[in-house]
Structure formats: C-alpha cells, structure tokens
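Engineer: Dropping a structure here in structure tokens format, bear with me for questions.
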Amino acid sequence: MLSLTEVNSMDEEEFVGALGSLFEHSPWVARGAWSARPFQSVGELHGALVTSMLAAPRERQLALIGAHPELGGREAERGELTAESTREQASAGLQRLPSDEVDALRRLNRAYREQFGFPLIVCAREHSPDSILVFGQARLGHSREEEIDVALGEIGKIAGLRLRDVVVEEAA
C-alpha cells in the first residue's frame, strides 16, 4: 500500500507506474492526472483520474472501454485477464457459474457488443451474477451515446475501488 504523501512525492513516471493499471491497459489516464498533484485526499486523487478520463477525446475513451474484457468471457477462460480483473470477476462469482448462467452471460455479452460495438462494462465488485444480467439487459435499451457515458461511469467506479486497494488515506 502507498500513502497519499508517497503518491504526491512521485515523479511522473513513478506515478504512472504505480497508478497506471487502475484503468485497464490505459496508463494515459494516470499520466493526465499527475499534474494535479498534490492531492489532499484519495477522493481528490480519484477525481483527478476521472477528470483525465473524461477530458480525453471520444476516440481515446472508446479505446479505454474496448480495453476491458468481457464479463465471464473468453479472456477469463484462457487466464488472460489482468490480476485486477481476475479478482473483480471472482468477487462477483463469475468464475463459478453453472452452465446455464454462463450461457446467459455469453448471450448478453454478444447482444451488447453487437449493439454497441464494445464490451459490457460493469463494476463487478458491486454486483452478483444475477444483478449483472439484469443491469446489462436494461442497458440494451440505451442509445450508444448513453451507453458510452454509463460505461465510463462504471470504469470510474472500478478505478475508484482499485485505487483504494493501492493508496491509503492518511490520518489527520
């Protein structure tokens, strides 16, 4: 674990090295937040990271969304997930699904990708397999632009939880 003081004292490369994995395969998000130091709280640091993500051109945001694996998808089966994604999908119980639920999740993933052109992003640590299916089905009713915004919001939640796994708030 890192302290906020340690994070604030890092040079840009150290900062990106320490926090670059918070956003799936997208260290540019951390790089964009570095100049906002010093941070007064972990929440402020998270806000700077989210601001960096949201300030990026839409093409870069879409690349970030596309860098995420499908929930319970082929990457998980082949052991190709990042360590963070592996833990998150396991916390939602996605690695222990009965075959009928695996099939339902695959159908949802396929329908979602066909409709929107990118994977369904859900902050798995806040969900169960059933709630992921319900949430994902409801999102099929959105426009593509609405779904891009929802996906970025979910990515922000994921990164916030990952951040709290890495950086601790210091006692006053």
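The values are calculated or read from the model by the stated rules, or taken from the named source; none is laboratory data. Treat the numbers as computed from the prediction; the structure is a model and nothing was measured. Neighbour counts run over all protein chains shown; Cβ positions are idealised from the backbone, glycine included.
Engineer: Checking the structure you have, find out if any residue of region 82-93 is more than 16 Å from the chain's Cα centre (by Cα), outside any helix (DSSP H, G or I) and of a type outside the set (Val, Ile, Thr). Quick ask: steps written out before the conclusion?
Structural biologist: If we filter region 82-93 for residues that are more than 16 Å from the chain's Cα centre (by Cα), which is where we start, we get 93.
Next, only the ones that are outside any helix (DSSP H, G or I) stay: 93.
Still in the list and also of a type outside the set (Val, Ile, Thr): 93.
Yes, because at least one residue in region 82-93 is more than 16 Å from the chain's Cα centre (by Cα), outside any helix (DSSP H, G or I) and of a type outside the set (Val, Ile, Thr).
Engineer: Which of the residues belonging to region 111-130 are in a helix (DSSP H, G or I) and either assigned by TED's automatic domain parsing to the domain that holds Glu59 or surrounded by 13 or more Cβ atoms within 10 Å (Cβ to Cβ) (or both)? Give the steps one after another, and end with the answer.
Structural biologist: Narrowing region 111-130 to residues in a helix (DSSP H, G or I): 111-116, 124-126, 129-130.
Matches in region 111-130: Ala111, Tyr112, Arg113, Gln115, Phe116, Ala124, Arg125, Glu126, Pro129.
Engineer: Now for a separate question. May I ask you to list the residues in region 57-78 that are part of a loop (DSSP other than H, G, I, E, B) and of a type in the set (A, V, I, L, M)? Even if it seems obvious, please write down each step before you answer.
Structural biologist: Pass one, region 57-78, residues part of a loop (DSSP other than H, G, I, E, B): 57, 67-73, 78.
Matches in region 57-78: Ala67, Leu71.
Engineer: Kindly list, by first and then second residue, each pair from a residue in region 33-56 that is closer than 11 Å to Asn8 by Cβ to a residue that is assigned to a loop (DSSP other than H, G, I, E, B) and among the aromatic types (Phe, Trp, Tyr), limited to pairs with Cβ atoms under 6 Å and residues at least 6 apart or on different chains.
Structural biologist: From region 33-56, the pairs are Leu45/Phe39.
Engineer: Out of all the residues in region 35-70, which are out of contact with any His (no Cβ under 9 Å at 6 or more places or on another chain) and modelled with pLDDT under 95?
Structural biologist: Matches in region 35-70: Pro69, Glu70.
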